[in-house]
Amino acid sequence: MAVTQLIGARVQRREDPRLITGHGRFMEDHTLPGLTHLAVVRSPHPHALILGIDTAAARALPGVLAVFTAADFHKVLSGSMPVTPSFAPEKKYVPERFPIADREVCFQGEPVAVVVANDRYLAADAADLVHVTYEPLPAVVDPEGAMNPGSPLVHTDGPDNIGWDMTYAGGDIDAAFSRAEVVVKERIIQQRLAPSAMETRGVMASYSPYSEDLTLWLSSQNPHFIRLFVSGAMGIPESRVRVVSPDVGGGFGSKISPYPEDYLVPAASKLLGRPVRWIETRTESVMTTIHGRGQVFTAEAAALRDGTLLGLRLTQVLDLGAYHGTFGAFQACACLMAGGVYRWEAISARTVGVLTNKVPTDPYRGAGRPEGTHLCERMVDRVADELGMDPAELRRKNFAREFPFVNNFGLTYDSGNYDGTLDRAMELSDYQGWRQRQASARDEGRLIGIGLSTWVEICGLGPSAATAGATGGIALVESAQIRFLPSGSVAAYVGTHAHGQGHDTTFSQLVAETLGVPLEAVDLRHGDTAEGPAFGYGTYGSRSLSVGGMALYTASQEILAKARKLAAHLLEASPDDLEFTAGAFTVRGNPQAKKTIQEVALASYGGNLPAGMEQGLEAVSHFDPPNFVWPFGAHVCVAEVDRETGAVEILSYTGVDDCGNVINPMIVEGQVQGGIAQSIAQALFEEVVYDGESGQLVTGTMLDYLVPTMNELPTPQLDRTVTPSPTNALGVKGIGEAGTIAASAAVINAVCDALRPLGIHHVDMPASPDRLWRLMQEAGR
Amino acid sequence: MGQTLRVTVNGEARSDEVEPRLLLVHYLRETCGLTGTHVGCDTSQCGACTVLLDGAAVKSCNMLALQADGAEITTIEGLAPEGGLHPLQTAFWENHGLQCGYCTPGFIMAAAALLAENHDPSDEEIGRGLEGNLCRCTGYVNIRKAVKAAAQAMREGAAAPIGG
């Protein structure tokens, strides 16, 4: 699709006027008459038996309305919280998970009771007065240790701690390694991360015993799935549950899966007969909102002396936490994407999901793809290092160049031009110039390194054939509904959910352009299950444009098809003789004979319709993509390590990405900038730390969990190439996770390149001053 | 037991009975109904709750409402006259300085205090001025750009800074 007036334009965001003036409507900005406030009593122990819960003092506090424990919730909730097959369909052990602990707590922060009071301060006071008697049990902290047969158990009634253990075989790995002239091995740690959306989670629920319906407001990326899960657990027909996810202050994957509070708050509303609201504190968030990553990889790569890559063998040990995340096994896609943009003869990838006494892990921005990319790009650099080849040259030698490209696991990359993005990134970053400056800096004893990351991702979830089984039944297609109202204004509904991505703007651009109406005529709505199509599939996995945008596009086409028939009727012409341009149908060869789309819309509500045509001009469409989409790019980081302190300074950062056609370049750049920032944050600063003995969370607040400020991050230079996706009519891919997938490898490759003269070949994340200083001290001995 | 708090909020003189332990941010959000000031953490790291107290940027989650007694408070809702935009608001909009928008009011208020003192801040000075604010979406690139653009617009007399 060519760049037209609206598609491809840097349209300022329609979301912004409310957000810059303080008139956004986030979760906590909603209230109800008679609202009560809920606080959660949480386990301070990572693993313990509950011997007793004394609620008397809490109940006695004036203003406290109720204290509920598991026994109360069993009256209104049933079943176990959902776990999807995702990329590990054959699970060995899935512990049951009720939203609140009954007999045994298995991670620090697990709910054991809730308090409801007239005031949030009182609720917090009362929560402190609930006295729980525990018998502490050994905490399982290290996932690798937890695999040992003699390890203490995460759940006392579990068979062991192994959630899954399966191997993806892509080609004859032994044959590939048998031809190896060089083999490199590495152990690569993906530390646990806290997604840290600036708005924490929150839930407000109002259950009406009179109409037996439930309205739930929550900060979610995924309101329809939450409706499905909560209605099931509470035994309320799905049609009588409404979920509203209003302005949402960031998600990054942490607001996809259902949480205990998503059930406990509506259940408390039902038990109490009052509206109830709970707002997560940041301390609760770091402790109980899902973590991302948390994986240990061991890998070996085989190659020929000329740099030809042969085989990659790896094991992913994935720290599941105390329960499987609903989409936790999605992170195993690190294995499927470990080959990156290269041709390998064979890849063998074992993934082991291991339970520990920690909060569950689940998809966090990129979800498996940053891990797969980091692993692949580190191993490729290790091979180049071993062979004394320039890492850019080694990459070029092995790039996939013929598309569609089928990788070792049968996944089909739709389109790509990996040389194109690498060429441009090297030019823009002055790669050769930096190599010269690096050499002279080394002569002065300075440690400067240059790191590459040539990445590809699988996104645009996804084709029904691949995704229906992965969720356990519901395909991750997308729905949209578009209506012309009689006045000619357009209401468009999507099942995706924007929480910073600017869909109100880009989707309106798309609809306005396709239907030929002014941008102002389009009202884009999402996030309320009471509106629009029956089901929406949410926003994650860089899917919204390539799947949701396409649903809007196909709904627009359906509307235009009907409008064309009606216009032809009104103009007394054949539909085939009409042209549609600039929002009007004209008869070919007779431009005076014209009906605007607005005139057609009004006529559609009237009485002069062709035989058999129903009134109205609206369409519902579900788009089932024929394949995933495969954005790609090349990033170059130049970093200097301070010999004295171990501090890393990023001297230059360049990203050249390709997400196919673009609706709004301003928004694409913003997504890339933010993604790079989150990935640099992983590379250099952030880590969720648990004490190895006690299992206590050490980085419990933003004092200790180091989300970077403006002063820690560079301003990247960005550019794009355009390789449209052949799998959808818009030629679009996705960009929400690109920066996060690309950057950590570029940064760590640069740090390792800087430290190479000291004989240091690998650095784990975060590459903190402390870690690097120790490595340099050890290397100097 | 409530105590009397007298403050001026966005130009309106108010007198309210408040609990001594009520945080200023909850006073603004719940008593005054000004929900543009957000809470993003509980250890005063994130700055989402930043407001102007007698012209200075303060984190309103980090002080009691009663500590503001007698003060003039400006929140994001009062930064520009009703229906208008402060140059910072315009600049954040024009430069895509926000994505989810949750941290944005805090950034704009902290930047307003910075620009009131420094009409032409360097990148470093902007970094120092906004070191108490966290954004998880933008990578800060366009926030820095927006603050510079606003400073320029204000120097060119597009509007008078508030609280300066």
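Read-outs: derived from the displayed coordinates by stated rules, not from any lab. Here the structure is a predicted model, which is why all the values come from computation and not from measurement. Glycine also receives a Cβ, built like all others from the backbone with ideal geometry; neighbour counts cover every protein chain displayed.
Altogether, the Stokes-Einstein calculation at 10 °C and 1.306 mPa s, with the Kirkwood radius of the stretch A:478-623 over Cα pairs as Rh, returns a diffusion coefficient of 102 µm²/s.
Positive end of the dipole of the stretch A:478-623 (Cβ unit charges, origin at the Cα centre): among A:Pro591, A:Ala563, A:Gly616, the Cα lying farthest that way belongs to A:Pro591.
Computed about the Cα centre, the dipole magnitude for the stretch A:374-528 is approximately 220 debye when only Lys and Arg (+1) and Asp and Glu (-1) carry charge, each at its Cβ. Estimated translational diffusion coefficient (Stokes-Einstein, Kirkwood radius over Cα pairs, 25 °C, 0.890 mPa s) of the stretch B:87-155: 214 µm² per second.
How large is log10 of I(q)/I(0) for chain A at q = 0.06, 0.09, 0.10 Å⁻¹ when the intensity is taken from the Debye formula with one equal scatterer per alpha-carbon? One equal scatterer on each Cα of chain A leads to -0.39, -0.87, -1.05. Sequentially through the stretch A:249-261, phi angles give Karplus couplings (6.51, -1.76, 1.60; θ = phi - 60°) of x, x, x, 6, x, 7, 10, 8, 7, x, 10, x, 5 Hz, Gly and Pro residues having no value and appearing as x. Applying the criteria of a DSSP loop state and at most 12 other Cβ atoms within 10 Å to the GluC sites (Glu not before Pro) of the stretch B:106-158 yields B:Glu156.
Express in whole angstrom the spacing between the alpha-carbon centres of the stretch B:136-152 and the stretch A:129-177. The stretch B:136-152 and the stretch A:129-177 have Cα centres separated by 45 Å. Backbone phi angles across the stretch A:521-526, fed through the Karplus curve with coefficients 6.51, -1.76 and 1.60 (θ = phi - 60°), yield HN-Hα couplings of 7, 9, 10, 9, 10, 7 Hz in residue order; Gly and Pro are listed as x. Cross-link partners of A:Lys92 among lysines, defined as those whose alpha carbon lies under 25 angstrom from its own and excluding same-chain residues fewer than eight positions apart: A:Lys358. Could you size up the charge dipole of the protein assembly as shown around its Cα centre, putting +1 on the beta carbon of Lys and Arg and -1 on that of Asp and Glu, and report it in debye to the nearest 20? Roughly 1060 debye for the protein assembly as shown. In order along the stretch B:87-98, phi translates into HN-Hα couplings of x, 5, 5, 4, 5, 4, 5, 5, 9, 6, x, 8 Hz, rounded to whole numbers, per the Karplus curve 6.51 cos²θ - 1.76 cosθ + 1.60 with θ = phi - 60° and x for Gly and Pro. Taking every DSSP helix (H) stretch of at least 4 residues in the protein assembly as shown, weighting each as -39,500 (n - 2.57) and dividing the sum by the residue count yields a mean residue ellipticity at 222 nm of -8500 deg cm²/dmol.
For each pair in A:Lys75/A:Lys270; A:Lys185/A:Lys397; A:Lys565/A:Lys595, compute the distance between the two Cα atoms and list the pairs where it is over 18 Å.
Over 18 Å Cα-Cα: A:Lys185/A:Lys397.
Here's how it looks for A:Tyr168: its modeled amide H is under 5 Å from those of A:Ala349, A:Arg350, A:Thr351, which are all 5 or more places away or on a different chain. When the charge dipole of the stretch A:90-151 is built from unit charges on Cβ atoms (+1 for Lys and Arg, -1 for Asp and Glu) and taken about the Cα centre, the candidate among A:Ala117, A:Ala146, A:Val130 whose Cα reaches farthest toward its positive end is A:Ala146. Amide H to amide H distances under 5 Å link B:Leu64 with B:Leu24, where only residues 5 or more positions off or on other chains count and H is placed in the peptide plane. Short to long, the 5 Å bins of the Cα pair-distance histogram for the stretch A:652-781 hold 2, 9, 16, 17, 15, 14, 11, 8, 5, 3, 1, 0, 0 percent of all pairs.
Within the stretch A:604-666, the chymotrypsin sites (Phe, Trp or Tyr not before Pro) that combine a DSSP coil assignment with at most 15 other C-beta atoms in a 10 angstrom radius are A:Tyr605.
DSSP beta bridges confined to the protein assembly as shown are antiparallel in about 80 percent of cases. Sorted fewest first by neighbouring Cβ atoms within 10 angstrom, A:Tyr263, A:Tyr493 come out as A:Tyr493, A:Tyr263. With neighbour counts taken as other beta-carbon atoms within 10 Å, the residues A:Val763, A:Val747 rank, fewest first, as A:Val763, A:Val747. P(r) tail for the stretch B:70-115: Cα pairs beyond 14 Å make up 50% of the total. For the stretch A:247-374, the Kirkwood radius over C-alpha pairs fed into Stokes-Einstein at 10 °C and 1.306 mPa s yields D = 94 µm² per second.
State the Cα centre-to-centre distance between the stretch A:184-210 and the stretch A:569-596 in whole Å. The two parts, judged by their Cα centres, are 53 Å apart.
Normalised size of the stretch A:510-555, defined as Cα radius of gyration per 2.2 N^0.38 Å with N residues, equals 1.23. With coordinates expressed along the principal axes, the C-alpha atoms belonging to the stretch B:3-78 extend over 29, 25, 20 Å, beginning with the largest. Evaluated with a Cβ-only charge set (Lys, Arg +1; Asp, Glu -1), the stretch B:69-164 carries a dipole of roughly 360 debye about its Cα centre, given to the nearest 20.
The eigenvalues of the Cα gyration tensor, multiplied by 5 and square-rooted, give the stretch A:308-352 an equivalent ellipsoid with semi-axes of 26, 10, 6 Å from largest to smallest. Springs join every pair of Cα atoms under 10 Å in this Gaussian network model of chain B, and among B:Thr31, B:Thr50, B:Thr75 the largest mean-square fluctuation is at B:Thr31. Each of A:Glu402, B:Glu94 was scored by other Cβ atoms within 10 Å of its Cβ. Listed from fewest to most, they are A:Glu402, B:Glu94.
Distance from the C-alpha centroid of the stretch A:419-459 to that of the stretch A:462-491: 42 Å, rounded to the whole angstrom. On a per residue basis, the convex hull of the C-alpha atoms belonging to the stretch A:9-62 measures out at 204 Å³.
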